[in-house]
Every structure is written in C-alpha cells, then in structure tokens.
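Q: First the structure, then my questions, so here it is.
The values are calculated or read from the model by the stated rules, or taken from the named source; none is laboratory data. If you're wondering where the values come from, they're calculated on a predicted model, not measured in any experiment. Counting neighbours? That spans all protein chains shown, and the Cβs are built from the backbone with ideal geometry, glycine included.
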Amino acid sequence: MAARFSRLKAQEKKRNVPENCREIISSLPKGQGWASEHVYLYQGFWFDPVILEGVIWAQQSFRAIDTDIFLASSPKCGTTWLKALMFAIANRKRYDSSSQSHPLLTTSPHDCIPTLEILLDHDDPIAYLESLPSSPRLISTHLSYTSLPNSILNADSGSRIVYITRNPKDALVSLWVFSKAIRSENWNHLPPLPIEEAFDLFCEGVSFAGPFWDHVLGYWKASLETPNKVLFLKYEDMKMDTQCWVKRLADFMGHSFSLEEERQGVVQEIIKLCSFQNLTSLEVNKRAGNKEFFRRGEVGDSKNHLTPEMIKRLEEITEQKLATSGLKF
Ligand code: A3P
C-alpha cells in the first residue's frame, strides 16, 4: 500500500495522538467521505478523521518560528508543483537547479516539504521539525486560514504563507479522480464515488478541507489585509506566465533572483526542473503513493468530466460566493 495514503487510514502504528482528540472527533458532525467512509466538520471545514488528529495535534503543539514559510492550499490546487518550486528556490545555493544530483530528481516534492497535519506520523514530530533546515523551514498545510496554529497567526509572528488555489471546476475533478484512487487502494470495500455524487457534495461544501470557497476566501482576505504575510497565487496564472510568478514567489520568500542569476538562466532552470513534464518523467514520481499527485497538469480538463449543467451550477455558486470579494477565477 502506498505509504503516503496509509496516513489517511486508521493507523496500526502507535501515533502520539493528543489525549482529547478522539473525544473531540466523536462529537463532531459527520458527512460522506470521498476516499474514506466519513469526514468530520471541524471549525467549519471537513476532514478525514486521521488527518483531523494531526490538525488537532498541530493546533496544540506546533510552534512556528519567524523564518518559517508555509504553503497553504485546498487539495488538488497545485500543492505538489509549489512544493517543488519553493524547495528549489529556497535551496538553490545548496543544490544547483541544473545538477544531476538535485534532490528533486530522486525525491518526491512531498518528501522535500513536510505537511503540518501529517507530522504526527513521525515518532517524534517536534524533534523532526527541529531537524529541518531553518533557512527557511518550509511546511505545507491544507488547514483553513482561521484554523492555523496561533503561532502562525499571531500579529508578531514573522512567518509567511504562500497560498495556491485553482478554479473550482478543475479542483473538483482533480479531487474526484484522486479520491477514487485512494479509495480503491485503501477502502476497496466502499464503492467508487460517482462523479454526480462528488459534484453534489462539493457544491454543498463537503470536500476535503472544504467548503472550497470558504477556504479560498479566508486566505484571499488575509492576503489583502496583510500582503507581506500572505501571497495569494492561482494555478491558472502560474501556468500562463510561470516565469513572472516564480520571480514573485522568490521575492516573497526573501530569496529574490539576482540579475546575475537571471542572466545565467537560473529561473528557467528551476521552472524546467519543477515542470509537470520533468517531474512525471522521474522514476520516483512514477511509484505508487507519488504518481497519484500527477495527472494532466492542465487548465480546463473539467470540461471533459462535467456536464454543461454541472459547469453552469458551479460557476453560479462561485459567482455568488465570491461576489463581493473582488476575487475571480
Ligand atoms: P490534475 O488532476 O488536474 O492533473 P496537488 O498537488 O495540490 O495535489 O494538485 C494536483 C494537481 O496538480 C493535479 O492536477 C496534478 O496533475 C497537477 N500537478 C502536479 N504537478 C504539477 C506540475 N509540476 N505542474 C503543473 N501541474 C502539476
């Protein structure tokens, strides 16, 4: 079984789950799961129970440091791509992006940047965090803005957040395909979730870390209020003009490209290293547990899976939810 997905499954391994965790979870509203059987509504967002244990652990035990940079996202919005880019940008002095021994050539982007809510899988998550390079520590999360640990949200915290999102139609289709793969691998006693059912659940807000729109709006508002703390990115913009957005990303991370680096083509090298084409050609990303994070890597594939009626309904919901926000997809 793919190691990464076993994290979603009830663990045989003893985890340092906070004492009150199971009690909290059993008291929460329960909804239909996409991969596992049920999801639970916690602080306004839906999570698989094992992930939720990690969320509660993070809120109780994680301490951000000022140099931390977080990558936040709803699942399937480009996390893997951004993990690769952020790792390559932050570590380019240590690892030459054109080198044949770059870690991204042999390591999944998900193993280069850990995910906050699955840190509990480590025997000693705090010791593991302390072992990460601190210049900066890069950590990803699917938590909503308001549920982030206080040490990240505190006004005096110097930590920063990069948020990546995507148009909800493609996010829904990508999540549906991904959840089907996880379900068939780990919960094969459950029937595959038909797209019609996934669509209705998504529209009702019952999706991994959903409601999708509330998740996006939380970070969007934070990026308007505190632009130095939250950088808001869209997958479609990144695809359209990767170079421009990679440079913006590096500036935000405090790792701007020098003119000399630009002249030497370092930006293009990093883009190439982290491209869908390159990452999918690597053996490490063809392995079970990693390959599921790569599918088409395109904008607009949802039209091949959703009916025109579904597309219309999703566009209407999106327009209504984002109406006064100034955000458009
Ligand atoms: P599709 O399912 O539409 O192909 P996440 O990393 O948040 O789970 O998002 C996964 C989505 O990002 C998938 O979308 C996947 O194919 C796409 N993706 C993964 N790596 C990418 C890359 N290097 N460049 C562009 N898209 C990528």
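Q: Within segment 51-89, can you find the residues that are assigned to a strand (DSSP E or B) and more than 16 Å from the ligand (Cβ to nearest atom)?
A: ILE69
Q: Is there any pair linking a residue in segment 15-42 that is part of a helix (DSSP H, G or I) to one that is crowded, with 20+ Cβ neighbours inside 10 Å, with Cβ under 7 Å and at least six apart or on different chains, and which?
A: CYS21/GLU53; CYS21/ILE56; ILE24/ILE56; ILE25/TYR40; ILE25/PRO49; ILE25/LEU52
Q: From the list LEU190, LEU148, exactly one residue is at pLDDT below 95 and away from the ligand (no atom under 16 Å from the Cβ). Which is it?
A: The conditions single out LEU190.
Q: Something else: Which condition from (1) away from the ligand (no atom under 11 Å from the Cβ); (2) over 22 Å from the mean Cα position of the chain (by Cα); (3) more than 30 Å from ASP156 (Cβ to Cβ) is the one that LEU322 breaks?
A: So LEU322 meets the others, but not (2).
Q: To continue, here is another question. Restricting attention to segment 112-128, does a residue exist that is surrounded by fewer than 22 Cβ atoms within 10 Å (Cβ to Cβ), modelled with pLDDT of 95 or more and of a type in the set (Ser, Thr, Tyr)?
A: Looking for residues that are surrounded by fewer than 22 Cβ atoms within 10 Å (Cβ to Cβ), modelled with pLDDT of 95 or more and of a type in the set (Ser, Thr, Tyr), one finds at least one in segment 112-128, hence yes.
Here's the yes/no breakdown for (1) closer than 19 Å to LEU231 by Cβ; (2) of a type in the set (Lys, Arg); (3) at pLDDT 95 or above:
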{"position": "MET1", "(1), (2), (3)": "no, no, no"}
{"position": "LEU8", "(1), (2), (3)": "no, no, no"}
{"position": "SER26", "(1), (2), (3)": "no, no, no"}
{"position": "GLY33", "(1), (2), (3)": "no, no, yes"}
{"position": "GLN43", "(1), (2), (3)": "no, no, yes"}
{"position": "VAL50", "(1), (2), (3)": "no, no, no"}
{"position": "SER74", "(1), (2), (3)": "yes, no, yes"}
{"position": "THR80", "(1), (2), (3)": "yes, no, yes"}
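Q: Now for a different question. Can you name the number of the only condition in (1) buried (at least 16 other Cβ atoms within 10 Å of the Cβ); (2) among the hydrophobic types (A, V, I, L, M, F, W, C); (3) out of contact with any Leu (no Cβ under 7 Å at 6 or more places or on another chain) that ALA323 fails?
A: (1)
Q: Hey, another quick one. Could you list, in sequence order, all residues of segment 243-275 that are of a type in the set (Phe, Trp, Tyr) and farther than 16 Å from ILE164 by Cα? Write out each step before concluding.
A: Keep residues of segment 243-275 that are of a type in the set (Phe, Trp, Tyr), which gives 245, 252, 257.
Residue satisfying the conditions is PHE257 alone.
Q: Looking only at residues in segment 152-197 that are of a type in the set (Gly, Ala, Ser) and surrounded by fewer than 16 Cβ atoms within 10 Å (Cβ to Cβ), which one is farthest from VAL230 (Cα to Cα)?
A: Across segment 152-197, the extreme among qualifying residues is SER184.
Q: What are the residues in segment 128-173 that are polar (S, T, N, Q) and more than 24 Å from ILE56 (Cβ to Cβ), if any?
A: SER134, SER135, THR165, ASN167, listed by residue number.
Q: Still on this structure: Where in segment 90-186 are there helices (runs of 4 or more DSSP H), lying wholly inside it, with at least 1 residues that are of a type in the set (D, E, K, R)?
A: Of the helices (runs of 4 or more DSSP H) lying wholly inside segment 90-186, those with at least 1 residues that are of a type in the set (D, E, K, R) span 109-112, 125-131, 168-186.
Q: If I go through segment 90-114 residue by residue, how many of them are farther than 24 Å from SER281 by Cβ and within 16 Å of the ligand (Cβ to nearest atom)?
A: Kept after step one, since they are farther than 24 Å from SER281 by Cβ, are these residues of segment 90-114: 93, 114.
From what is left, the residues that are within 16 Å of the ligand (Cβ to nearest atom) are 114.
Selection size over segment 90-114: 1.
Q: Something else now. Hey, does segment 257-266 have a residue that's of a type in the set (Gly, Ala, Ser), more than 9 Å from the ligand (Cβ to nearest atom), modelled with pLDDT of 95 or more and assigned to a helix (DSSP H, G or I)?
A: The answer is no, given that none of the residues of segment 257-266 is of a type in the set (Gly, Ala, Ser), more than 9 Å from the ligand (Cβ to nearest atom), modelled with pLDDT of 95 or more and assigned to a helix (DSSP H, G or I).
Q: What do you reckon, is LEU116 of a type in the set (A, V, I, L, M, F, W, C) and over 17 Å from the mean Cα position of the chain (by Cα)?
A: No, not satisfied.
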